[in-house]
Amino acid sequence: MKHIPLLILTLCIAPFSAHAQESDVKIIQVKNNIHVLISPQGGNVVTSTGEDGTFIIDDQLAGRSALIKAAAKSINDQDIKFVLNTHYHFDHTGGNEFFGEENAIIVAHDSVRERLSTKQFITYFKKEMPPLSKTGLPVVTFSKDMTFHHNGNDIKVVHVPHAHTDGDVVAYFVNENVIVAGDTIFNGMYPFIDTEHGGSIAGLIAAHDTLLALANDETIIVPGHGSLMNKAELKSYQQALATIAKNIEKAIKDGKTLEQTIAAKPTQEFDEKMSEGIVGPDAFTTILYNHLSQ
Ligand SMILES: [Zn+2]
């Protein structure tokens, strides 16, 4: 009889050891066979699933690939065939080596492969990104645009120059009317703009124009961080950034120092709606002030 509790204990532990990491990944259906995997940390991952194999857009932070794979497999058990990187940042490409190892074909803008092949340092996050091994590098790269025909989806992928970085792409699922914006949008947050690696506020606003031209009132937009949004919400997000940039440009023109510009609170009217993220109002002001005064 003494053995029975031990047996029960063993049975209880077994499922946990099989899934060492408990999943914090939320799976939300965007439309038809398109889902978004949203996590409390790292960027959003979009999946297209079906008989042609799973196609994912971005692959999160390193060390979370098993969770992402399990979430994708819970939608459809097919292997991951394609990974599209929207840009080079570690919270969107961290799974590249894992999925490359599993024979996924990694696709990205030319600049993303260049950056992932060499050491990158992002001063704002004090983050060094060592070069990826060959298995983690994009094997198909492009400079302007390309279209995938996969799982019944026509997925147009377009490079938006000098936006969040110098290698951003956005994806448009034509038949489903779904836009994947990558980090050209941080919904409900001030965006990080990687000005050190080719990002710019003018390019970011131009990228929003590209998305707005693709969208209609029914379009569902998946940002790189935060929850799903519609065209009207993107429009007000773009207007908020444009207004703040104008306020800061004026401060620079008036000869204000960074400290004086921060004290004048150029973001104030938007702080309540946009302060959820890692870039606070003062940090965003600092990024734009340094960028626009160059
Ligand atoms: Zn990013």
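Each reported figure results from applying straightforward, stated rules to the coordinates on display, with no laboratory input. Being a predicted model, the structure only gives us computed values, none of them experimental. Cβ: placed from backbone, ideal geometry, glycine included. Neighbour counts: every protein chain shown.
Given the peptides 108-115, 89-96, 213-220, arrange them by the average over their residues of other C-beta atoms within 10 Å, most packed first. Working shown, then result.
Details: 108-115: 22.9, 89-96: 26.2, 213-220: 13.4.
So the peptides 108-115, 89-96, 213-220, ranked by packing, come out 89-96, 108-115, 213-220.
With runs of 4+ DSSP H residues as the only contributors, calculate the mean residue ellipticity of the chain at 222 nm using -39,500 (n - 2.57) per run, divided by the residue total and rounded to the nearest 500. List each step's numbers first, then the result.
Working: 10 runs with 104 residues, N = 294.
Only helices count here, giving -10500 deg cm²/dmol.
Only Lys, Arg, Asp and Glu count, each charged at its Cβ (+1, +1, -1, -1), so figure out the dipole size of segment 20-231 about its Cα centre, rounded to 20 debye.
Here the size comes out at about 220 debye.
Can you sort Leu61, Leu212 from fewest to most other Cβ atoms within 10 Å of each residue's own Cβ?
Leu212, Leu61
Suppose the chain between Asp52 and Tyr124 were pulled fully straight at 0.36 nm per residue; how much longer would it get relative to their current alpha carbon spacing?
Net length gain for the segment: 21.9 nm.
So what J values fall out for segment 59-66 if you push phi through Karplus, 6.51 cos²θ - 1.76 cosθ + 1.60 with θ = phi - 60°, rounded to Hz, Gly and Pro as x?
Values per residue, Gly and Pro as x: 9, 6, 7, 4, x, 10, 5, 5 Hz.
Using amide H atoms built in the peptide plane, which far-off residues or other-chain residues are under 5 Å from Thr184 H to H?
Gly224
For segment 254-266, just list the computed ³J(HN,Hα) in residue order, Karplus coefficients 6.51, -1.76 and 1.60, θ = phi - 60°, integers in Hz, with x standing in for Gly and Pro.
With coefficients 6.51, -1.76 and 1.60, one gets 7, x, 6, 7, 4, 4, 5, 5, 4, 4, 7, 6, x Hz.
Could you work out the percent of alpha carbon pairs in segment 20-231 separated by over 25 Å, rounded to a whole number?
30 percent
Select from segment 117-179 those trypsin sites (Lys or Arg not before Pro) which occupy a DSSP coil region and have at most 10 other Cβ atoms within 10 Å, ordered by residue number.
Working: sites: Lys119, Lys126, Lys127, Lys134, Lys144, Lys156; in loops: Lys119, Lys126, Lys144.
Loop-located and lightly packed - Lys119, Lys126.
Alpha carbon centre of segment 28-66 versus segment 196-238: separation in Å?
19 Å
How much length would be gained if the chain were fully extended between Thr147 and Thr257, taking 0.36 nm per residue of separation minus their Cα-Cα distance, in nm to one decimal?
Length gained, Thr147 through Thr257: 35.0 nm.
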